[in-house]
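The values are calculated or read from the model by the stated rules, or taken from the named source; none is laboratory data. What you see is a predicted model; the values in this text were computed from it and never measured. Ideal geometry is used to build each Cβ from the backbone, glycine not excepted, and the neighbour counts take in all protein chains shown. Side chains included, ligands, DNA and RNA excluded: accessible areas come from the protein's heavy atoms. Shrake-Rupley method; radii C 1.70, N 1.55, O 1.52, S 1.80 Å.
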Amino acid sequence: MGAVTVVPSLVEVADADDPPFWPRVADEVNDAVAALLRRQPVFLVAHSNAGLFVPVIVQAARRPVAGCLFVDASLPSRAGPTPAASPERLKFLRSKVAEGRLPQWTTRWDEDEVALLFPDPQTRLTVSAEQPRLPLSYYEQQIPVPGGWDNRPCGYLLFGPPYDRMAQEARERGWDVEQVPGRHLHQLVDPDTVAARIVAMTGRWRFLAD
């Protein structure tokens, strides 16, 4: 069984320096979901840091959200608000600020480690061309966690460390947890396998939404 997907662009969310940024994220997702047919159930699939925004997206959604799947993603606090970055991460990021902005994500880390995340140089160039330079205030924001956001099926798809800790927490929350072994950007390396697993996991929830 396939699925119709929409991928909202969040590139311009942090163009301005003024927080909070999370309402703009919710607005962009809402606008993208509006393109789906009304009869289609809506499942949110969040990767990496986007996982922190899932509760506010659910609360702001203009259509019912049938389920939430976190893919190698950070988890929101059980009770909010959720800091966008830990104190240790903020200390690291403050050391990287130049001209009021952070460097692109792929240039903040060791080059040998970053290169392993991509299947080929061309894919890396394509991804890097879309990477914004975020203001530090993006990571200083506190993201609300509205009560009841997870009163629907939720799951976690793990690629590998260090998100195995998040996967364990998802298990403790009683969520479905599966793994497709790989690194953090495995959806670029093996998109067919990752997409098939996402469809399979959310497909088990569809009958609850019908």
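Inspection of region 31-48 identifies at least one residue that is at pLDDT 90 or above, surrounded by fewer than 18 Cβ atoms within 10 Å (Cβ to Cβ) and farther than 22 Å from residue 156 by Cβ. For the condition over 18 Å from residue 136 (Cβ atoms), in contact with a Leu (Cβ under 7 Å, 6 or more places away or on another chain) and open to solvent by 40 Å² or more (accessible area, probe 1.4 Å), residue 54 does not qualify. Scanning region 85-119 for residues being touching a helix residue (DSSP H, G or I) at 6+ places or on another chain (Cβ under 6 Å), farther than 20 Å from residue 18 by Cα and either of a type in the set (Gly, Ala, Ser) or at pLDDT 95 or above (or both) gives a total of 2. Any residue at all in region 62-71 that is over 14 Å from residue 149 (Cα atoms), touching a Lys or Arg at 6+ places or on another chain (Cβ under 7 Å) and either free of Cβ contacts under 8 Å to residues at least 12 places away in the same chain or not in a helix (DSSP H, G or I) (or both)? Looking for residues that are over 14 Å from residue 149 (Cα atoms), touching a Lys or Arg at 6+ places or on another chain (Cβ under 7 Å) and either free of Cβ contacts under 8 Å to residues at least 12 places away in the same chain or not in a helix (DSSP H, G or I) (or both), one finds none in region 62-71, hence no. Annotation note: Cβ proximity below 7 Å between a residue of region 162-175 that is under 11 Å from residue 73 (Cα atoms) and a residue that is assigned to a loop (DSSP other than H, G, I, E, B) and of a type outside the set (Lys, Arg) (sequence gap 6+ or interchain) occurs for 166/74; 166/75; 170/75. Could you please let me know if residue 48 is of a type in the set (Ser, Thr, Tyr), out of contact with any Lys or Arg (no Cβ under 7 Å at 6 or more places or on another chain) and at positive phi? For residue 48, the condition - of a type in the set (Ser, Thr, Tyr), out of contact with any Lys or Arg (no Cβ under 7 Å at 6 or more places or on another chain) and at positive phi - is met. Close Cβ contacts (under 6 Å, 6 or more residues apart or on different chains) running from residues in region 136-151 that are closer than 8 Å to residue 55 by Cβ and of a type in the set (A, V, I, L, M) to residues that are open to solvent by 20 Å² or more (accessible area, probe 1.4 Å) and modelled with pLDDT under 95 comprise 145/80.
Being assigned to a loop (DSSP other than H, G, I, E, B) and polar (S, T, N, Q) is a property that does not hold for residue 168. Might you let me know whether region 148-156 holds any residue that is open to solvent by less than 50 Å² (accessible area, probe 1.4 Å), at pLDDT 95 or above, among the basic types (Lys, Arg) and out of contact with any Leu (no Cβ under 6 Å at 6 or more places or on another chain)? The answer is no; no qualifying residue exists. In region 28-48, the count of residues that are among the basic types (Lys, Arg), within 17 Å of residue 144 (Cβ to Cβ) and out of contact with any Cys (no Cβ under 6 Å at 6 or more places or on another chain) is zero.
Checked against the criterion of being at pLDDT 95 or above, within 18 Å of residue 74 (Cβ to Cβ) and either open to solvent by 50 Å² or more (accessible area, probe 1.4 Å) or aromatic (Phe, Trp, Tyr) (or both), the candidates 122, 179 yield just one match: 179.
Residue count for region 4-30 under the criterion of being in a helix (DSSP H, G or I) and open to solvent by 40 Å² or more (accessible area, probe 1.4 Å): the result is 5. Screening region 182-196 for residues that are more than 14 Å from residue 46 (Cα to Cα) and among the hydrophobic types (A, V, I, L, M, F, W, C) and picking the one that is surrounded by the fewest Cβ atoms within 10 Å (Cβ to Cβ) gives 196. Quick one: in region 64-104, of everything that is of a type in the set (Ser, Thr, Tyr) and open to solvent by 20 Å² or more (accessible area, probe 1.4 Å), which residue is nearest to residue 167 (Cα to Cα)? Of everything passing the filter in region 64-104, 74 is nearest to residue 167 (Cα to Cα).
With the condition kept exactly as written, say whether any residue in region 149-159 is part of a loop (DSSP other than H, G, I, E, B) and among the aliphatic types (A, V, I, L, M). Taking every residue of region 149-159 in turn, none turns out to be part of a loop (DSSP other than H, G, I, E, B) and among the aliphatic types (A, V, I, L, M).
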